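Down below is the structure, laid out as structure tokens.
The values are calculated or read from the model by the stated rules, or taken from the named source; none is laboratory data. Predicted, not measured: the structure shown is a model, and the values here were computed from it. Methodologically, a virtual Cβ is constructed for each residue, glycine included, from the backbone with ideal geometry; neighbour enumeration extends over all protein chains shown.
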Amino acid sequence: MPTSTESKIFKDIAIKGYIIKTKYLSYTNTKLPRVKATYKKDANTIYSKTINYNRNIGDIDNYANAVRELLKTEWFKDFSPSVDIVSFGWDNDNYFFIVSSKEF
């Protein structure tokens, strides 16, 4: 959470929101591959949602679907029903999605 909404960068950057991290969970002895979306609210609170990987759609769509399922959970739904993906990025291991209200 930004420490100050008065900072220049906070005002200059148009897209702001929560960062949701996604990752691929490989096959196990008992489970098919899955995708997990995680939001860390604070040091003690983590929200996550895991969905089955759908081989009929692309990788990024699987990750986006996991994020959208997480957004349907009680905490996000109660916080802001209009929250959706506004941007995304990646590193070598994960996709990261910025979610924010589309109503300003």
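Which condition number does Val83 fail, the rest of (1) among the aliphatic types (A, V, I, L, M); (2) modelled with pLDDT of 90 or more; (3) surrounded by 15 or more Cβ atoms within 10 Å (Cβ to Cβ) being met?
Here Val83 meets the rest and fails (2).
Suppose we keep only residues that are of a type in the set (A, V, I, L, M) and touching a Ser or Thr at 6+ places or on another chain (Cβ under 7 Å) within the range 26-65. Which one would you say is modelled with the lowest pLDDT?
The initial filter retains those residues of the range 26-65 that are of a type in the set (A, V, I, L, M), namely 32, 35, 37, 43, 46, 51, 57, 60, 64.
Retained after the next criterion (residues that are touching a Ser or Thr at 6+ places or on another chain (Cβ under 7 Å)): 35, 37, 46.
Values: Val35: 98, Ala37: 98, Ile46: 94.
By that ranking, first place goes to Ile46.
Condition check: touching a Leu at 6+ places or on another chain (Cβ under 6 Å) and basic (Lys, Arg). Does Lys41 satisfy that?
Details: touching a Leu at 6+ places or on another chain (Cβ under 6 Å): no; basic (Lys, Arg): yes.
Judged against the criteria, Lys41 is not a match.
Can you run down the residue pairs with Cβ atoms below 8 Å, 6 or more apart or on separate chains, where the first is in the range 65-76 and under 11 Å from Tyr47 (Cα atoms) and the partner is among the small types (Gly, Ala, Ser) and surrounded by fewer than 20 Cβ atoms within 10 Å (Cβ to Cβ)?
Within 8 Å, the pairs are Leu70/Ser48.
Which strands (runs of 3 or more DSSP E) does the range 44-104 wholly contain that include 1 or more residues that are among the basic types (Lys, Arg)?
Passing ranges, in order: 45-52.
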